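Structure first, then comments.
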Amino acid sequence: MGKYCVTRERFEDNKEAPVLRNIIVSKGCEQLIIPIQEILYFFYENKSVFAVTVDNEVYFCELALSVLDREICSAFFRINRQVIVSYRAIKSFSYIENNKIRLSVSNGQGRDMVVGKNKVSRFKNWIMFDCACFSLSKKDSSGAQHPDFIRKEGRLHSIGA
């Protein structure tokens with residue numbers, strides 16, 4: 001199985017960067033295309049990255065967490081070295097020892113979802129202000145698609161809403 005290479009062209013400051021809209025995943029020998037809005041979280045385990053969907057399916061993902069963290073929209077947050085979570089997956093959170101936060105997430109399947117103490121402040125800011133909606137594009141009256149995200153400070157942010 002070959003690795004996928006995610007590249008992006010250089011964009012001028014006033015142009016929109018492309019948005020990662022789908023993820024190619026594996027289930028057995030089959031390659032599937034999963035829309036990014038169906039992903040609840042990505043996790044790293046046994047030297048592999050997996051994606052968990054709203055249907056509680058777990059798929060092998062060939063992209064590294066570092067690539068996903070760079071290319072994915074602001075609807076996702078990397079809570080630690082092993083997990084990138086969608087705001088839609090988060091049901092609640094609680095403070096635990098050493099100023100960390102434990103998340104309760106949909107389809108968490110017993111995984112320990114802990115926001116490290118060095119990311120707590122950014123996490124709270126993200127959950128209150130920065131996480132974008134999943135409407136990746138809108139159609140205008142002519143039926144043409146227009147992205148709802150712009151690149152701002154290295155992350156994709158929703159425009160409009």
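Extension gain for residue 21-residue 112 works out to 30.1 nm (0.36 nm per residue, less the C-alpha to C-alpha distance). What shape does the range 33-76 take by its C-alpha gyration tensor, where a ≥ b ≥ c are the square roots of the eigenvalues and a/c under 1.5 counts as rounded, a/b above b/c as prolate, and the rest as oblate? It comes out oblate by the Cα gyration axes.
Most tightly packed first, judged by the mean number of other beta-carbon atoms within 10 Å of their residues, the peptides 45-57, 83-95 read 83-95, 45-57. With a simple spin-label model that places each label point 7 Å from the Cα along the Cα-to-Cβ direction, the separation between residue 125 and residue 30 comes to 4.3 nm.
Coordinate-derived values only; no laboratory data. Quick caveat: nothing in here was measured; it's all calculated off a predicted structure. Don't worry about glycine lacking a Cβ; one is built from the backbone with ideal geometry, like all the others, and counts go over all protein chains shown.
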